[in-house]
Amino acid sequence: MFNSPLLLGFEQVERTIDRVAKSAADGYPPYNIERMGEHALRITLAVAGFCEADLSIRLEDSQLVVRGKQVDDKDRVYLHRGIASRQFQRSFVLADGIEVDGATLDNGLLHIDLSRPPPPTTVRTIEITRAGTPRASAGQRSGSGSEDRVIDVVDLAE
């Protein structure tokens, strides 16, 4: 997709798309992503049979990686084994600014809470001068008594 010579510098985007495509191919363990508030998300993975010691959650660059590995009990003798004890790795690519707040394991469900704090609002004052008048440096006003006006500009970019 990004192999065109006109699309230079998109290698990181291509790698991210490849990681997402690979992780979507495996359907285990199943998961949900919920909106918990205006700036909060929750990823819930169904990890029945795993305990806290069997699970690990790591943030690797902008990728959240959840791994699970159960240790087989050699003393158990199964007459029928229908519950798989397989290891897994599930990855989620996080957008810039997403923070991992914590994780809890409750009744076979692993909840990972995420938040995206709103960006700080920046306020900058822009001085308006008459045409032909030299501009004063920031924070200074010309002492000529001219009718310069100052307006406030608020950046609400999200």
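Between Leu79 and Glu34, the contour length at 0.36 nm per residue exceeds the Cα-Cα span by 12.3 nm. With the cut-off at under 14 Å, measuring from each backbone N in region 30-56 to a point 7 Å along the Cα-to-Cβ line of Gln87 picks out 54-56. Computed FRET efficiency, Cβ-Cβ of Asp61 and Arg124, R0 30 Å: what is it to the nearest 0.05? Efficiency at R0 = 30 Å is approximately 0.40. The residues packed around Thr104, meaning those with a beta-carbon under 12 Å from its beta-carbon, carry a net charge of -3 if Lys and Arg are +1 and Asp and Glu are -1. Coupling constants for region 103-110 follow from the phi torsions by the Karplus curve (6.51 cos²θ - 1.76 cosθ + 1.60, θ = phi - 60°), and in residue order they are 9, 9, 10, 9, 6, x, 10, 9 Hz; glycine and proline get x.
The calculated FRET efficiency for the pair Asp96 and Asp72, based on their C-beta separation and a Förster distance of 41 Å, comes to about 0.50.
Laboratory data are not the source of any read-out in this text; all were calculated from the coordinates shown. Everything numeric here is computed off the predicted structure, so don't read it as measured data. Please note: Cβ atoms are built from the backbone with ideal geometry, for glycine as well, and neighbour counts cover all protein chains shown.
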